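Asker: Pasting in a structure now, in structure tokens, and then I'll have a few things to ask.
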Amino acid sequence: MDRSEGGSSAVINLSGFYQKYTDIQASVNVLVGNVSTRQVQSAASAHEAGFEGEFVLRPVRDLTVRGNVSYLTQGYDSIRPNAVTLTLDTPVNSAPKYTYSAAVAYDLHVGDGLVTPSVDVRGVGKKPACQSGADYVCRLPAYALVGFRLDYSPDADGRWRIGVYGTNVLDKVTQQARTGYFGGFGIDRYTPGRPQEFGVESSLRF
């Protein structure tokens with residue numbers, strides 16, 4: 001949906017989906033003669049459904065508000081009894097149930113130039129991790145990161161721009177991957193996300 005009147009405007013997009021999966025490949029125990037043997041065969045069916053929404057709002061000419069949110073639900077519907085690494089409670093994958101982001105920017109007119117401060121936040125829900133056989137025995141915790149930008153362009157067409165920025169400005173510790181106590185000599189290990197960062201950048205459009 002796109003609505004605009006005068007110097008204001010609004011763009012809103014919504015989408016949803018439902019998917020069904022069959023003949024999912026997994027390890028199963030089969031008898032070859034009298035010997036139990038592990039093979040990869042069609043072993044399960046599953047489904048997933050979700051939606052995503054995004055918007056861009058300009059209530060006045062120089063103010064821009066953006067946002068995005070998504071939600072995902074999924075699960076196995078049937079599993080062969082001799083499947084080795086799957087149960088009905090096993091997550092289909094390690095995707096989070098939800099993600100979201102939002103940003104606010106405002107254009108300040110300074111002479112012929114433009115100064116644009118902006119603030120943003122990005123969030124990710126908890127995710128399954130540390131798989132052992134058919135189970136995920138730990139979760140990556142949910143987190144939200146805050147950032148900012150301050151851009152300056154000396155002319156109205158914005159061909160040349162310089163800016164300063166900060167990411168994860170609250171220096172929040174995040175986990176991007178985790179192994180748990182498996183395969184690591186009993187040590188629970190995780191891969192951290194990027195720490196607090198600040199920088200300067202410039203660009204020129206030809």
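The values are calculated or read from the model by the stated rules, or taken from the named source; none is laboratory data. It should be emphasised that the depicted structure is a prediction, and the values quoted were computed from it without experimental measurement. Cβ coordinates were reconstructed from backbone atoms using ideal geometry, including for glycine residues, and neighbour counts include every protein chain displayed. We work out accessible area using only protein heavy atoms, side chains counted, and drop any ligands, DNA or RNA first. Shrake-Rupley method; radii C 1.70, N 1.55, O 1.52, S 1.80 Å.
Asker: Treating only the Cβ of Lys, Arg, Asp and Glu as charged (+1, +1, -1, -1), what charge dipole size does the stretch 84-206 show about its Cα centre? Round to the nearest 20 debye.
Answerer: Numbers: 13 positive and 12 negative charges, 97 e Å.
Here the stretch 84-206 has a charge dipole of around 460 debye.
Asker: Near the amide H of Thr174, under 5 Å away, which other amide H atoms are found, from residues 5 or more places off or on another chain, if H is placed in the peptide plane?
Answerer: So Thr174 has HN proximity to Gly193.
Asker: So how long is each side of the stretch 63-168 along the principal axes, counting just the alpha-carbon atoms, biggest first, in Å?
Answerer: Rounded to whole Å, the extents work out to 73, 22, 19 Å.
Asker: Please provide three numbers in whole Å: the alpha-carbon extents of the chain along the principal axes, with the largest listed first.
Answerer: 86, 43, 31
Asker: Accessible area of the chain with a 1.4 Å probe: how many percent of it is carbon plus sulfur? Don't jump to the answer; show the numbers that get you there.
Answerer: On the way: 7340 of 13120 Å².
Its accessible area is 56 percent carbon and sulfur atoms.
Asker: Next question. Once the whole set of protein chains is in place, how much accessible area is left on Arg38, using a 1.4 Å probe, in Å² to the nearest 10?
Answerer: 150
Asker: With Cβ to Cβ distances under 9 Å as the rule, what net charge do the other residues near Ala144 carry (K, R +1; D, E -1)?
Answerer: On the way: positive: Arg122, Lys172; negative: none.
Net of charged neighbours comes to +2.
Asker: Averaging the inverse of every distinct alpha carbon separation and then flipping it gives the Kirkwood radius. What is it for the stretch 96-150, in angstrom units?
Answerer: On the way: mean 1/r = 0.0714 Å⁻¹.
It works out to 14.0 Å.
Asker: Here's something else I'd like to know. Under the classification rounded if a/c is under 1.5, otherwise prolate if a/b is larger than b/c and oblate if not, where does the stretch 30-107 fall, given a ≥ b ≥ c as square roots of the Cα gyration tensor eigenvalues? Mind dumping the intermediate values first?
Answerer: Details: a/c = 6.45, a/b = 4.80, b/c = 1.34.
Because a/c hits 1.5 or more and a/b exceeds b/c, the stretch 30-107 counts as prolate.
Asker: Put Glu52, Glu197 in order of accessible area, largest first, 1.4 Å probe: what do you get?
Answerer: On the way: Glu52 80, Glu197 55 Å².
Accessible-area ranking of Glu52, Glu197, largest first: Glu52, Glu197.
Asker: Once you list every other residue whose beta carbon is under 10 Å from the beta carbon of Lys126, what net charge do they have if Lys and Arg are +1 and Asp and Glu are -1?
Answerer: Working: positive: Lys97, Lys127, Arg139; negative: none.
Every neighbour counted, the sum reads +3.
Asker: Between Thr73 and Val173, what FRET efficiency follows from the Cβ-Cβ distance if R0 is 25 Å, with the result rounded to 0.05? Display every interim value, and only then the final one.
Answerer: Working: r = 28 Å, r/R0 = 1.12.
That pair, Thr73 with Val173, gives E of 0.35.
Asker: Is the shape of the stretch 114-206 rounded, prolate or oblate, going by the alpha carbon gyration tensor and its root eigenvalues a ≥ b ≥ c, with a/c under 1.5 for rounded and a/b larger than b/c for prolate? Present the calculation step by step, with values, prior to reporting the outcome.
Answerer: On the way: a/c = 3.59, a/b = 3.37, b/c = 1.06.
Prolate is the answer for the stretch 114-206, as a/c is 1.5 or above and a/b outweighs b/c.
Asker: Which value, in debye to the nearest 20, describes the size of the charge dipole of the stretch 1-155 about its Cα centre when Lys and Arg Cβ atoms bear +1, Asp and Glu Cβ atoms bear -1, and nothing else is charged? Walk me through the numbers on the way to the answer.
Answerer: On the way: 13 positive and 15 negative charges, 133 e Å.
Using Cβ point charges on Lys, Arg, Asp and Glu, the stretch 1-155 gives about 640 debye.
Asker: Placing unit charges on C-beta atoms (Lys and Arg positive, Asp and Glu negative, everything else neutral), compute the dipole magnitude of the stretch 55-146 about its Cα centre in debye, rounded to 20. Write out the running numbers ahead of the final one.
Answerer: Numbers: 9 positive and 7 negative charges, 37 e Å.
Roughly 180 debye, rounded to the nearest 20.
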